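Chemist: Handing you this structure, nothing more for now.
The values are calculated or read from the model by the stated rules, or taken from the named source; none is laboratory data. Fair warning: this is a prediction, and the values are worked out from it, not measured in the lab. Methodologically, a virtual Cβ is constructed for each residue, glycine included, from the backbone with ideal geometry; neighbour enumeration extends over all protein chains shown.
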Amino acid sequence: MAHNRSPLVLTAAEEDAVIRDRLITRTGMTAPITWQKKVMQRFAALSASLVSDASLEESDKLFDGLLDALKVMLLPVQKSFQGVEASRRDERLARELHEKTLQEIANTSAEIERLKTELDTAKIERKNLEECETIRETVAAQPSRAQSTRSIEETQREIAEMEREIAAAALAFFHRKKQFALLMHVIDSIQTEIQEEKFLAIVRNQQDQEQGREAAVLTEPGTDPMLVDEG
């Protein structure tokens, strides 16, 4: 007996038909027969048909019924296998996601460190730029080289002029000092002459007074000039 049947895998339409059949069987029977018993019964019927003189058409029907029963019985197992496979797939995906997440965390940490380094470098560069800008502004605020040269030359001329003025003042002071010394000498001489003249005037005055007294004595009556001289 040859059969061109597919393996024990139900299509979506077959699964729907089996589910409807199970619902009808469970709701219509007071003592439902389990699918294992159905498989055994259909297998026994198929075996009996094979050893009897049953027709091939009847044997095919019994074989198809056995396959249907096996499909229905294996449906929960297939569902379990599918669930296990889905769980394994989910576990694999979760593991891959976990590894990917760890890798992303590592990459993010490395990126954060790189950005932190760049930020520190940028801060240093910005500080250097600010310092350079401050220096540039300070330099720009200073006069140019030509102006500085002119200012230095003008200052040097002023210093030379002040030195000449100081030298002239020193020379004038020296002359003034000599003049003052000469003036003091003249004043001393004049004071000496005045003192000498005063002394001479006093002496002459005394002499005049003495001569006046002598003349008065001589002019008195009865006075002998010789006696006056002797006295």
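Chemist: Can you find even one residue in segment 79-91 that is in a helix (DSSP H, G or I), at pLDDT below 75 and surrounded by 13 or more Cβ atoms within 10 Å (Cβ to Cβ)?
Modeler: No: zero hits.
Chemist: Looking at A201, A146, A181, A170 in this structure, which one is within 54 Å of the chain's Cα centre (by Cα) and on the phi < 0 side of the Ramachandran plot?
Modeler: Just one listed residue meets the conditions, A146.
Chemist: Give just the number: which of (1) in contact (Cβ under 8 Å) with a residue 12 or more places away in the chain; (2) over 30 Å from V39 (Cα atoms) does L75 not satisfy?
Modeler: (2)
Chemist: Output the number of the condition that T121 fails; it satisfies all remaining conditions of (1) under 26 Å from the mean Cα position of the chain (by Cα); (2) at pLDDT below 90.
Modeler: (2)
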